[in-house]
Every structure is written in C-alpha cells, then in structure tokens.
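Okay, handing you the structure first.
We did not get these values from a lab; they are worked out from the coordinates using the rules stated. All figures in this text were calculated on a predicted structure; none of them were measured in a lab. Methodologically, a virtual Cβ is constructed for each residue, glycine included, from the backbone with ideal geometry; neighbour enumeration extends over all protein chains shown.
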C-alpha cells in the first residue's frame, strides 16, 4: 500500500472551508431550479479542488433500493460508472451505513473488514482507492441519497475536522434537490388546476347568490366530501368549513358578487369521514345573472409541499447562520491558540491531568478547572473537548472577566430586537452557538450573582430565554468552567451561589502552578525557543546551562504565560545562536523567589520537613512530630495542598 496522505487541515484551513460553505449556501438559496444541476457540478468541482479529490458523485435512492447516478464530476476519466445500480449488490456494506445516517470515510478501500468485501471489489473495478460518502437528507427526513468524494490515484486520510462540514455540503445539496422537487410538484399542480377549470366534470359548481342553493358535479361532491345526490346550500356547506376559514369563504363570495370578477379562496373542510382537507375554489359571477360558477380542487398535497419547502428554506438559513457563527469562533480561536502544540510536559503530574481528561471527556459531565492565572486552564478545556463526542464542532469560549456586567446576559443567552436601548438587531447568544458542542466559561467566579441562577437553569434543564424574549429555548451544551479564585470561600461569603457551585463541581480538576513543575521548564523553554526562532527567521540552537538553571529556579508567579513572554522577548534580543536572557527581577538569585502566599509557605515547609524525615509522617521520627501536629491533621493538609510523594512536576504549554 502507498503512504496515506495525512495533510490534516488546521483551524485556519477549516475556517477557509467554512467560508466556501457560506458562499455555497448563499448561491443555492438564490439558485433557480433550472440552473441547479450546473450549480451542483460547479460546487463539486470547487470542493474536489479544495479537498484534493479526483471525482465526486451524487447517488439518489429510488424504489427497491436502486441507486440512480444524478450528478458526476469526473475530469480525469476512467471506467464509466453505471447510471443505475443495485445498492444491495454493489455497495451492501457502505449502503447500510448511509441509510442509518452515518458518514463513511474509507482511507484505503482495499483494507476493509470481511463483510465489506463486495464494496471493495466494486471500488477496485472503478479504480477508487480512497472514498468518503456522506448521507443526504433534508428537514429531518429519511436519507434519500449520498454525496461521495473519491481519490483514484492515491490513498488518503479524511480528517475528522472536515467530516461535519462535508455533511453540511450534503444537506445543502439535499435541500436544493428537495426544493426543486417541490417546485416541480407545484407546477404540475397548477397545470392540473388549469385542466380542471376547463373540464366540464372536474369539480364544477354553481351558487345562487339570492337563494344560497348549490349545484355540484359528482367530482365536486367527491372533492368536497359531500354526500352524493343530496341537496346542499351555502349554509350546510359552511357547517363543515374550518371556523377560522369560514369568514374568508364568505368574503370571496362577496367579492365576486360586488365586482363581477374572478375570486379565489383556500380553506379547510372536514369530510364526512372526519378527514380534514385543504380545498381551493375559483369562481366568477356569470354576466347578467345572480349565479357564481367555479371549480374546486383538493390542494392538501400542495399545502404539504409548501410547508416542506418552507421548512427546507428555514433549515438552509439556520445552517448559513450557524456556519457564519462557527467561522467567527474559529478565527477567534486560531488567533488565541499557538500553532505549535497544545500541551507540553513529561511529568507524572501532567500525566495525572491528562488521565483525568481522558476519564471525563466522553462522559459529558460538567468540569470545573482551578488554577492560577497562566497555568493553561483553557488548553485543558480544549483537550477535554477534542477527546469528546462533541469534537466535530468548535468549542465556544467566553471570558466572564472580559465583559461588563451590563452585556454579560445578552452575550451568554442572546437578545431580541429592542431588548434594551440600542439593541437594533436580534443576536444569538454563546449558548445557542454552542448547541451540540462545548462552552468554556473562563473566570466563572466573575459571573454576576443575578446571572448565576439563569446559568444554573441551563445546566439543569438545558433551557433559557433570550434577553427581551419570553420564548423558552432548549440547547444541548456541555459546560466546562475555569477559575483562579477560591469558589468555596466565595460561597461561604455569599458571593457565589452554593447550588451553582455544587453543580459546577461535578468533576473538579486542579492545574498546578509552574513553580511546582520545575522539571518540565527546560522542555518548555526549548519548545518556545524553537517556535519563536522559526517565526522570526533566527537560528538559535544553544541555551547556556546557567541560563536554564536560572529559568528553572525562578518562582514564575505568572506561570507558563510569563515564561512564554519572557522567551519571546529573549529571542528578539538575541543576535547570535546562543539564547540571551535578561530575566525579571529575582531570577538572578534563585533564593529571591520567595513564596507568594501563606499556603505556599506552609507547603514548602511541610515538603522540606518530609524530605528530612524520608517522607515518614507518623512515629517518633515522623514529620508530624517535628511539625507539632497530629498525623491525621498532617494527612489532611497534604491532601489540601496537593503534596504527593514524590512530587514530580508538569507544565502545560501555550497557556492563555
């Protein structure tokens, strides 16, 4: 087998694809039915060029599980695919998954399980070496086809980042095809209406305006659900008309009577069998008489088609807004997250953090991440999201400390037009944008008390209202929160709701500060130096030993963010190949890096005592005796301060 093409798109590349999708949605919303096929072929060509695919096809499912090839972009030739194929014979394995609504990405068509042998043979016959098939459906209806992208020359990976976006493409194509079907059905219905109006026995009726007597053909009785042979007048006819439509029927009769012209009305009528049907009646006053004559047809199917068309257009508009919103977040996040990696470190402490990430990622539970500023809480949140079932949509991030309280509610939950002075437009909130994904609330301790109850309701019920609206909205969002404050203390001081704290604290995680993870500082420094050297076009390949010793000994009150900024400044100032560091005050003398808090003093004193006693806690030579406390109390303090034996450190890179 050849080597797989692993050219996985970055966040910026994914944003470019989103821009293409937004453009495609706009074109398909405005496309005329007669130009739909050419628009689809142009879109297939554009996407093949972007994805590096050799061909693209659309198969639609007809009766008896037969596949009809309706659209094919194949610029390089090869064996001609059939226009009609039996799915059960040619693609039994992939066909069953497509019908279940699954995206089927196959990097190597000849490396599939035994049950896919027939599919592999078919792909081999048509020289397809790698393929990705996406189910097509519209408006939540059943799958009626599949969109595929194939490579015939090479095998390649289909990155997870592009699969949901290709599903959007398939949904856009599906919606456009459904709209064309609806348009064709509407035109056919209008032609039938014209034929019925010309036919003598096609639902014809006559109304005597003065007496109210009705004369109807048998076809008109059948359409209206009236008993054959019975005598009817306007009053008895209106009894079975829907109460909301009776006034419109009377108004249509009055228009025809007053101006002598044609009048049309649509209304609902309940037949004798209890079935409600939509009817359309056209009538006009016969010249020189008091008689209105016209024709009635059943338009129930036409109304259903109109409704399906409306839902399809609403779905397309929703997808368009969602892509624009997600593209905004991708651009924001591509500027926040460094491109050279997320988490760097080899320590046992970091391994414990990542183990917790793996445990909680698939659960969907709420996570509360604690740690000092600059320790990398957002990167840990992103790691949880990336390993979760929600990873196919971007994580939405909001910093609660960065927004004024007056704007916090509308930013989180959205607003309706006119919700407050200056609110000229409707705005979706971050929770709506994160529907089906993850929302990360950084600095949750800064959330105003008046919004904490609303956040608690979203967590418990998944429901909220936009600012200025009474309409309740429902979302499916996974919440990850972070803080550098002691929320438990804030609860005791009545500055944070206890019920919200307990709801957030389902799975707490603590990111240790950099001064407790010194062993990873050399690795982290090398990563930063390499990145900034490449960025600035410099060649720095030496870090003096004394420089690294100073970096490792420094207390780093700003944690990884401070280290990253210091290295960036050092690379700027370095002219040769050896890194030159002009460190912050206190770096020149490692002993000057004093603890910043009472808790840090306690921790360092306890650790020093444990090291002197060989980590013996109780007994005559134990640390508890030297510290003058009960061994049980010492155990509790060690747990609270995160003291473990041995305490090897970890570092989270790219902290924000």
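Please tell me the relative contact order of the chain in percent, rounded to the nearest whole number, where contacts are Cα pairs under 8 Å and at least six residues apart.
Details: 1075 pairs, mean separation 71.1, N = 656.
Value for the chain: 11 percent.
Expressed as a rounded percentage, what relative contact order does the range 343-437 have, with Cα pairs under 8 Å and six or more residues apart?
Once normalised by length, the contact order is 22 percent.
Using only alpha carbon positions, build the gyration tensor of the chain, then give the equivalent ellipsoid semi-axes as the square roots of 5 times its eigenvalues, largest first, whole angstrom.
Details: eigenvalues 886, 229, 94 Å².
Each semi-axis is the square root of five times an eigenvalue, giving 67, 34, 22 Å.
In degrees between 0 and 90, to the nearest 10, how far off the longest principal axis of the chain does helix 521-536 point, with axes built from Cα atoms?
Compared with the principal axis, the helix lies near 60 degrees.
Would you please give the FRET efficiency between residue 639 and residue 157, computed as 1/(1 + (r/R0)^6) with r the Cβ-Cβ distance and R0 = 35 Å, to the nearest 0.05?
Numbers: r = 45 Å, r/R0 = 1.28.
Calculated value: 0.20.
Also, I was wondering about something else. Extending each Cα 7 Å along its Cβ direction at residue 506 and residue 577, get the distance between those two points in nm, one decimal.
5.5 nm
Still on this model: Need the full-extension length gain, residue 310 to residue 272, defined as separation in residues times 0.36 nm minus the C-alpha distance. One decimal, nm.
Values: separation 38, 0.36 × 38 = 13.68 nm, distance 3.04 nm.
Extra length available between residue 310 and residue 272 comes to 10.6 nm.
Also: Under a crude label model (7 Å from the Cα following the beta-carbon direction), how far is residue 99 from residue 211 in nanometres?
Rounded to a tenth, the inter-label distance reads 6.1 nm.
Quick check: the distance between the Cα centres of the range 359-392 and the range 442-486, to the nearest angstrom?
Going from one Cα centre to the other spans 18 Å.
OK, next. Roughly what angle does helix 348-361 make with the longest principal axis of the chain, taking Cα atoms, 0 to 90 degrees, to the nearest 10?
Tilt of helix 348-361: around 20 degrees.
Let me ask another. For 304, 388, what's the fewest-to-most ordering of other Cβ within 10 Å of each Cβ?
Numbers: 304 13, 388 20.
Going from least to most buried by this count: 304, 388.
I'd like to compare 78-89, 347-358, 401-412: which one has the highest average count of other Cβ atoms within 10 Å, and what's the full order after that?
347-358, 401-412, 78-89
Given the range 199-298, report the % of alpha carbon pairs whose separation exceeds 21 Å.
Numbers: 1200 of 4950 pairs.
For the range 199-298, the fraction of Cα-Cα distances above 21 Å is 24 percent.
Nearest 500 deg cm²/dmol is fine: what mean residue ellipticity at 222 nm does the chain get from its DSSP H runs of n ≥ 4 alone, each adding -39,500 (n - 2.57), divided by its residue count? Can you show the working numbers first?
Details: 23 runs with 294 residues, N = 656.
Mean residue ellipticity at 222 nm (helix-derived): -14000 deg cm²/dmol.
Can I ask one more? Against the longest alpha carbon principal axis of the chain, how many degrees, from 0 to 90 and to the nearest 10, is the axis of helix 559-573 turned?
80 degrees
Given a Förster radius of 25 Å and the C-beta distance between residue 318 and residue 457 as r, what FRET efficiency does 1/(1 + (r/R0)^6) yield to the nearest 0.05? Display every interim value, and only then the final one.
On the way: r = 24 Å, r/R0 = 0.96.
Between residue 318 and residue 457 the formula returns 0.55.
Fully extended, how many nm does the chain gain between residue 568 and residue 118 (0.36 nm per residue separation, minus their Cα-Cα distance)? If you can, show how the numbers build up before the last one.
Details: separation 450, 0.36 × 450 = 162.00 nm, distance 5.67 nm.
That works out to 156.3 nm of additional length.
May I ask what percent, to the nearest 5, of DSSP beta bridges between residues of the chain are antiparallel?
On the way: 56 of 75 bridges.
The answer is about 75 percent antiparallel.
To the nearest 0.05, what FRET efficiency results for residue 244 and residue 352 with a Förster distance of 60 Å applied to their C-beta separation?
Values: r = 65 Å, r/R0 = 1.09.
Efficiency at R0 = 60 Å is approximately 0.35.
May I ask you to derive the relative contact order of the range 516-641, considering only C-alpha pairs under 8 Å and at least 6 residues apart, and to give it as an integer percent? Display every interim value, and only then the final one.
Details: 103 pairs, mean separation 24.5, N = 126.
Over the range 516-641, the number comes to 19 percent.
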